[in-house]
Amino acid sequence: MDFLKGLGASWRSHKSLVYAFVVGMLVGPFVSSYFGIQVTSRTARADLHAGIIDLQASLCDTRARAEVKEPGKLDWNARRDLATKFAAMPGQKADSEVESLCSNKLAS
């Protein structure tokens, strides 16, 4: 009987701590995700995709500038055609996002 009294007293003294722990375990992941402390796989994939697009557009820009010395003086259609020509990576089809970003890089 003394054991049950001790257990009840222990529960009463630690009840608020246990409740706080349970609430923290339930709410914690949502809060840390909201503030960017943890990275979800969807965010990681989006960042990777954006990095690949930027890298391919930079390569396109470099290759196009080797052919045309001042692409910023070209009109929009000529820059777009130049970007379309160099946006395709070897063995791949040209991506419209790469073409668009490359064309914007050629404008500056």
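Assorted remarks:
- Estimated purely from DSSP H runs of n ≥ 4, each contributing -39500 (n - 2.57), the mean residue ellipticity at 222 nm for the chain is -27000 deg cm²/dmol once divided by its residues.
- When the charge dipole of the chain is built from unit charges on Cβ atoms (+1 for Lys and Arg, -1 for Asp and Glu) and taken about the Cα centre, the candidate among Leu48, Cys60, Val18 whose Cα reaches farthest toward its positive end is Val18.
- Note on Ala44 and Val31: the model spin-label points, each 7 Å out from Cα along the C-beta direction, lie 2.4 nm apart.
- Degrees separating the helix 2-34 axis from the principal Cα axis of the chain, which is the longest one: 10
- The dipole here belongs to the chain: it is taken about the Cα centre, uses +1 on the Cβ of Lys and Arg and -1 on the Cβ of Asp and Glu, and is about 300 debye.
- Candidate lysines for bridging to Lys73, where Cα separation is under 16 Å - those fewer than 8 sequence places away on the same chain excluded: Lys105
- Given 12 as the ceiling on other Cβ atoms within 10 Å, longest exposed-site-free region of the chain for trypsin sites (Lys or Arg not before Pro) in DSSP loops: 1-68
Since every read-out is calculated from the coordinates, none of them should be taken as a lab result. Predicted model only: the values in this text are computed from it and were never measured. So basically every Cβ, Gly included, is an ideal-geometry build from the backbone, and we count neighbours across all protein chains shown.
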